Amino acid sequence: MRYFLEENYRMNDNLSMIRQNLHTHCTYCDGKNTLEEMVLAAIDKGFSSLGFSSHCFSNLSYDECGIKTAANYESYLSEVEALKQKYKNQISIYRGIELESRIKDELYPNPDPRLDYSIGSIHWFYLDSRHWEVDYKAEILLQAKEAFGGFRPLIESYYNEVIEFAKHSSYSITGHIDLVTKFSELNSFGFENESWYRDAALSAAESVVKCGKLVEVNTGAISRGYRTTPYPDPFILKRLAELNAPIIVTTDCHSANNIDIKYDETVSMLSSYGFTHLYYLTDSGFKGIKIDA
Ligand SMILES: [Zn+2]
Ligand SMILES: [Zn+2]
């Protein structure tokens, strides 16, 4: 386990004073703002800490979102480190990555040990030697569905990939676990209420928790207009709460103006699902902090 619980841990004696976002993108990957612009936005919005999680350097020709070269990845690490020092009196900055499965020649890569944390996310459906983006366009999702022979095999393969990645990689946080529902609010796919769908999603949620992963509650699709609620869906959140899963809240922002989108609203609704603690990365690892209901 990479985290631990401190029942009475308090920062500034008030949960509302703690603001941390560990899922942010910048111009090293597919974000719109530079690292420093993101830092300044985080300070402006009252975040006490900020983590950078650029899409990893996958070295795959079809990956248009990730860091493009090994040299860029090294610059990313040094620039984040330099900003950490420059702004240390105003905000705590952490070095992270959004790690992908099946990069380079690695099926389930482990994170670079120089990083403070990592988010493990699945953004692709894989079938034989073919691949489709999970979250790029609804049309691509439907193309993948055709190739797999229906939503059930497609989506079960997605959740299976989530489970295998959690089992075989030492990344810290499972990213947007039910990303396959990104387009569901704006379309009528109909799979979301099927029992096989719920079983697959819950089984993935239970597996990642069993593997010791933290799970993120991610507001990213709200800022992009695809969803009105964060990932994961409420039925998954309720199961995670029953499991006492360690959760964090992130905005998965790709621009500085979305750095805090729905952050406070999401933090304040968590206790209604049954969560008692929210987790934060500190200089000595992840800590669970009691939510004042
Ligand atoms: Zn992602
Ligand atoms: Zn992301």
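FYI, it's all coordinate maths here, none of it is from the lab. All of these numbers come straight from a predicted model, not from anything done at the bench. Cβ coordinates were reconstructed from backbone atoms using ideal geometry, including for glycine residues, and neighbour counts include every protein chain displayed.
For the reader, a short list of remarks on this structure follows.
- FRET efficiency, 1/(1 + (r/R0)^6) with R0 51 Å, evaluated for ALA82 and ARG152 via beta carbons: 0.60
- With each label modelled as a point 7 angstrom along the Cα→C-beta vector, the GLN90-GLU242 pair spans 4.6 nm.
- Diffusion constant of the stretch 3-287 at 20 °C, which comes from Stokes-Einstein with the Kirkwood Cα-pair radius and 1.002 mPa s, µm²/s: 112
- Whole-Å semi-axes of the stretch 85-135's equivalent ellipsoid (Cα gyration tensor): 31, 13, 6
- Low-density loop cleavage sites - chymotrypsin sites (Phe, Trp or Tyr not before Pro) in the stretch 49-107, where at most 16 other Cβ are within 10 Å (DSSP): TYR62
- FRET efficiency, SER61 to ARG198 (Cβ-Cβ, R0 51 Å, nearest 0.05): 0.90
- The chain, dipole about Cα centre (Lys/Arg Cβ +1, Asp/Glu Cβ -1), debye to the nearest 20: 380
- Amide hydrogen neighbours beyond the local backbone of THR174, cut-off 5 Å, H modeled: GLY120, LEU214, VAL215, GLU216
- Beta bridges assigned by DSSP with both partners in the stretch 3-287 are antiparallel in approximately 30 percent of cases.
- Extension gain, ILE18 to LYS210, is 66.4 nm, computed as 0.36 nm per intervening residue step minus the present C-alpha separation.
- Extension gain (nm, one decimal) between ILE43 and ASP105, 0.36 nm per residue minus Cα-Cα: 18.4 nm
- In this structure, the residue pairs whose Cα-Cα separation is over 22 Å, taken from LYS68/LYS104; LYS182/LYS287; LYS238/LYS262; LYS84/LYS104; LYS45/LYS86; LYS68/LYS213, are LYS182/LYS287; LYS84/LYS104; LYS68/LYS213.
- Label-to-label distance for THR27 and LYS167 is 4.3 nm, based on points extended 7 Å past Cα in the beta-carbon direction.
- At q = 0.16, 0.17, 0.19, 0.20 Å⁻¹, base-10 log of I(q)/I(0) for the stretch 173-293 (Debye sum, equal scatterers on each alpha carbon): -0.77, -0.87, -1.08, -1.19
- Ascending count of other beta-carbon atoms within 10 Å, so fewest first, for HIS55, HIS176, HIS254: HIS254, HIS55, HIS176
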